[in-house]
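Asks: Got a structure for you, written out below as structure tokens; questions coming shortly.
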Amino acid sequence: MVKNKPAYYKGIVIGGSAGSFSLVTKILSRIKPDFKYPIIICLHRLKHIRSGLLEGLNLKSNLSVVEPYDKLRLEGGKVYLAPSNYHLFIEFDSTVSLSTEEVLNHSRPSIDHTFFSAATSFREKMVGILLTGANKDGARGIKDVHNKNGFTIVQDPKTCDVDMMTKSALQLFNPDKVLSPEEIIDFLNSL
Amino acid sequence: MGDITFKKYLEELKKHTPYNFCDYSDNSIQRRIEKILKDHDMDMNQLLLKTKTDDDFVEKLVDDITVNTTELFRNPETWEYLYTKVFPSLRKKKSINIWHAGCSTGQEVYSNLILFNELGLLDHTNVVATDINQKVIRGAKKGEYDLNFNNRYIEVFDSLMNKLGNKSSDFGKYFEMNNAKDTMKVKDFIVKKPKFRRHDLVEEEIPFYQKFDVIFCRNVLIYFNPELQLKIVRKFYDKLYDGGVLVLGTHEALHGFFKTKFIKHGMVYTKSNTFHFKYK
């Protein structure tokens, strides 16, 4: 099935585990400064390290990165990082809802939760990207993005440090694209 | 499941039970209900029928919908700020009133009281703690927690006491550890202090006549839509003394009108009695 490119995107959602931090940093340092859409990032955090991730990303990023407060409205050209110990959900009106409900796939934030809620709220007006990771979290979520006609990209397992996350996803469905990190950056800059 | 059916369900729930979840954040409440449908292997019509006819099921439903995550000394930096900057200023008061709204299983209530004891404030303090969920209230009253799961809080407690200069205080002063039963139980002199009761912030009037010096409401408002959040924060505002503080979760924020009525320091919001011309 060839998906029609929508006139605009309500959001780009990126998921990955703690190991994808350097890749996310690379993407944000190479993304064009006038990128138009909101980027929502859900990364697994190491339990005892509660801070530093945001500062690290902001140091290199071309776009400003925030850990959103509950009910914050998403804006184009900004990056929203799921805060430690909260699940991040996207509401129908493009605001963020946070939740401390039970861990999903041993994770809070859980990538599945963010993907599920974004898929429900954004439908075809989103891009979902799943990066390297050592956990199955994210696989079912990005499949749901696909089922609701969002555009899906899975990082090529050959380019992943740990490929469990991406391989789990590829077992579940065929994403629109399987890309290397360089290709993901080019893709985002072409939107 | 379409959006209409799910909204309709919440309206029916409101009509037939004491509970009103209509103004919870849409996406979040929908997901909670979908999970319940899945767990019970039901469709919407079956759920509705059960809701109308089975009171015990409704109580279980409330338990499933509401989120009861809590921790001892959650976000230690908040407690450090309260202990050093907020609580000492209460010393001059004859009696101190505290309300934990949405107290879940009581860990933060006891964290609060332990610090009050360290400061010598325990005796002239009245603590009330409420939650919509009957089951967690029962747990809170007991003050008994799973030792294995909570072991790491000993470290949090020690490091907090160290930072606060109370090196002599140890965890054993407040908790009875039972390795055989795998439990830790808050000691009686602390456990008997708070008055726990079931109360629904959304549907019921606030059941207290007194005003409060501190209201804790951590990670509760995040489940409500902005209109409902505003309504609840207004109640808190009215129930706080001037200069009283509202303590929220780390990533919660006040929006709209009340943003101007509190002075924010991290997650601690102090009620300001500044005259706001625009709103009077």
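Asks: In the stretch B:192-206, what residues are in contact (Cβ under 8 Å) with a residue 24 or more places away in the chain and in a loop (DSSP other than H, G, I, E, B)? Break it down stepwise before answering.
Replies: Within the stretch B:192-206, the first condition is being in contact (Cβ under 8 Å) with a residue 24 or more places away in the chain, and the residues that meet it are B:193-203, B:206.
Residues satisfying the conditions are B:K193, B:P194, B:H199, B:D200, B:L201, B:V202, B:E203, B:I206.
Asks: Does A:A134 fit the bill of being under 26 Å from A:D186 (Cα atoms) and surrounded by 24 or more Cβ atoms within 10 Å (Cβ to Cβ)?
Replies: no
Asks: Within the group B:K259, B:K264, which residue is within 14 Å of chain A (Cβ to nearest Cβ) and part of a strand (DSSP E or B)? It would help to see each step written out before you state the result.
Replies: Values: B:K259 fails: part of a strand (DSSP E or B).
Criteria check complete, one pass: B:K264.
Listed here are the residues, each with its yes/no results for (1) acidic (D, E); (2) away from every other protein chain (no Cβ under 11 Å); (3) buried (at least 22 other Cβ atoms within 10 Å of the Cβ).
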residue: A:A82; (1), (2), (3): no, no, yes
residue: A:L88; (1), (2), (3): no, no, yes
residue: A:T95; (1), (2), (3): no, no, no
residue: A:E102; (1), (2), (3): yes, no, no
residue: A:K125; (1), (2), (3): no, yes, no
residue: A:I153; (1), (2), (3): no, yes, yes
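Asks: Now a separate question. Among the residues of the stretch B:12-47 satisfying the criterion of being of a type in the set (D, E) and within 23 Å of A:V96 (Cα to Cα), which is nearest to the other protein chains (Cβ to nearest Cβ)?
Replies: Within the stretch B:12-47, the subset of a type in the set (D, E) is B:12, B:23, B:26, B:34, B:39, B:41, B:43.
In the following step, the residues that additionally are within 23 Å of A:V96 (Cα to Cα) were identified as B:23, B:26, B:34.
Details: B:D23: 13, B:D26: 6, B:E34: 9 Å.
Going through the qualifying residues, I end up with B:D26.
Asks: While we're looking at this one, here's another question. Please enumerate the residues belonging to the stretch A:150-174 that are in contact (Cβ under 8 Å) with a residue 40 or more places away in the chain, more than 18 Å from A:I39 (Cα to Cα) and not β-branched (V, I, T).
Replies: Across the stretch A:150-174, the qualifying residues are A:D161, A:M165.
Asks: Do we find a residue being of a type in the set (G, A, S) and modelled with pLDDT under 90 anywhere in the stretch B:71-89?
Replies: Within the stretch B:71-89, the subset of a type in the set (G, A, S) is B:89.
Cutting the leftovers down to modelled with pLDDT under 90 gives us none.
No - not one qualifying residue is present in the stretch B:71-89.
Asks: So in the stretch A:67-78, with the set limited to residues that are surrounded by fewer than 16 Cβ atoms within 10 Å (Cβ to Cβ) and not acidic (D, E), which one is nearest to B:L228 (Cα to Cα)?
Replies: First, the residues of the stretch A:67-78 that are surrounded by fewer than 16 Cβ atoms within 10 Å (Cβ to Cβ): A:73, A:75-76.
Those left that are additionally not acidic (D, E): A:73, A:76.
Working: A:R73: 17, A:G76: 27 Å.
Here the residue is A:R73.
Asks: Of the residues B:F149, B:F116, B:F175, only one is modelled with pLDDT of 90 or more and not assigned by TED's automatic domain parsing to the domain that holds B:C217; which?
Replies: Of the residues listed, the single one that is modelled with pLDDT of 90 or more and not assigned by TED's automatic domain parsing to the domain that holds B:C217 is B:F175.
Asks: Related question: Only one of these is touching a helix residue (DSSP H, G or I) at 6+ places or on another chain (Cβ under 8 Å) and charged (D, E, K, R): B:D64, B:D56. Name it.
Replies: Numbers: B:D56 fails: touching a helix residue (DSSP H, G or I) at 6+ places or on another chain (Cβ under 8 Å).
Answer to the check: B:D64.
Asks: Still on this structure: For B:L61, only one of the following conditions fails: (1) more than 13 Å from chain A (Cβ to nearest Cβ); (2) within 23 Å of B:P226 (Cα to Cα); (3) part of a helix (DSSP H, G or I). What is its number?
Replies: So the condition that B:L61 fails would be (2).
Asks: Considering A:K136, A:K78, A:K71, which residue is more than 10 Å from every other protein chain (Cβ to nearest Cβ), touching a strand residue (DSSP E or B) at 6+ places or on another chain (Cβ under 8 Å) and among the basic types (K, R)? Outline the logic, then answer.
Replies: On the way: A:K136 fails: touching a strand residue (DSSP E or B) at 6+ places or on another chain (Cβ under 8 Å); A:K71 fails: more than 10 Å from every other protein chain (Cβ to nearest Cβ).
Testing whether each residue is more than 10 Å from every other protein chain (Cβ to nearest Cβ), touching a strand residue (DSSP E or B) at 6+ places or on another chain (Cβ under 8 Å) and among the basic types (K, R) leaves just A:K78.
Asks: Could you tell me whether A:E91 is within 20 Å of A:R140 (Cα to Cα), in contact with a strand residue (DSSP E or B) (Cβ under 6 Å, 6 or more places away or on another chain) and modelled with pLDDT under 95? Outline the logic, then answer.
Replies: Values: within 20 Å of A:R140 (Cα to Cα): yes; in contact with a strand residue (DSSP E or B) (Cβ under 6 Å, 6 or more places away or on another chain): yes; modelled with pLDDT under 95: yes.
In short, yes.
Asks: How many of the residues in the stretch B:207-230 are within 14 Å of chain A (Cβ to nearest Cβ) and not in a loop (DSSP other than H, G, I, E, B)?
Replies: Let us first name the residues in the stretch B:207-230 that are within 14 Å of chain A (Cβ to nearest Cβ), namely B:217-230.
Cutting the leftovers down to not in a loop (DSSP other than H, G, I, E, B) gives us B:221-224, B:226-230.
So the answer is 9.
Asks: Specify the residue that is nearest to B:T51 (Cα to Cα); the eligible residues are those in the stretch B:1-21 that are surrounded by 15 or more Cβ atoms within 10 Å (Cβ to Cβ) and among the hydrophobic types (A, V, I, L, M, F, W, C).
Replies: B:L13
Asks: Now a separate question. With A:L63, A:L54 as the choices, which residue is over 16 Å from A:L188 (Cα atoms), out of contact with any His (no Cβ under 8 Å at 6 or more places or on another chain) and among the hydrophobic types (A, V, I, L, M, F, W, C)?
Replies: Every option except A:L54 fails the conditions.
The values are calculated or read from the model by the stated rules, or taken from the named source; none is laboratory data. These figures come from a predicted structure and were not determined experimentally. Cβ: placed from backbone, ideal geometry, glycine included. Neighbour counts: every protein chain shown.
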